[in-house]
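Step one of this worksheet: look at the structure below.
Since every read-out is calculated from the coordinates, none of them should be taken as a lab result. What you are looking at is a predicted structure, and each value in this text was computed from that prediction instead of being measured. No Cβ is skipped: glycine too gets one built from the backbone with ideal geometry, and neighbour counts run over all protein chains shown.
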């Protein structure tokens, strides 16, 4: 067990090209019974991040997540903001706002709908708006292991500029690029609870056009270590490979986080 966790840490620390993943990492374990009376949960996390696109930056991120369970419905709202300011220059400004509604969240099959607004100024993403629906399937849950997967469709509207592009790669009179696409959206999610104080979460997203050409693939890894009744230390790795970036930036980039999570 110690060797496994040590390998996870070494894989994260050994990473070199760092940047913010643009696919959301959000989920909830389906452990509560259906209730007529509403049940709420709130998580607040803040911690250090390392980012590299043109330069290496060290900054902090704050993420908040709220969920409401009532009858057969699970509603999730999540938001994150990451900002570094250096004199007159806006060094890094990235974040998202996400809403999700999941029906029959204790069943094997769970329809879910979602909407999201997202931005990342240093990569050149002025905004990304997502609206979609998935059918999620629970293979098993509870105990030591949880496994589920989902597939669906989403509409994506995004606007890009050349802020994150090396100056030698910017075409003359380059206009902003606006895309409006229908995409397949799918993910697989695994959680391992080796004991009461540790949780390892692995999630992989796949987004592509219906012909599966030029996909975006995002691996996500979170290791949560409980340090108190309502607190935990979390190590996170969020990556994404984009086979065909909208503007000529790196195909693969990732983000590393170390944060304190408060839950109630």
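Just a few scattered comments:
- Test for residue 122: is it surrounded by 15 or more Cβ atoms within 10 Å (Cβ to Cβ) and part of a loop (DSSP other than H, G, I, E, B): yes
- Scan of segment 234-259 for residues that are surrounded by fewer than 17 Cβ atoms within 10 Å (Cβ to Cβ) and farther than 19 Å from residue 163 by Cα, ordered by number: 241, 243, 258
- Taking the numbered list (1) more than 23 Å from residue 45 (Cβ to Cβ); (2) more than 22 Å from the chain's Cα centre (by Cα); (3) surrounded by fewer than 16 Cβ atoms within 10 Å (Cβ to Cβ) in turn, residue 196 passes all entries but (1).
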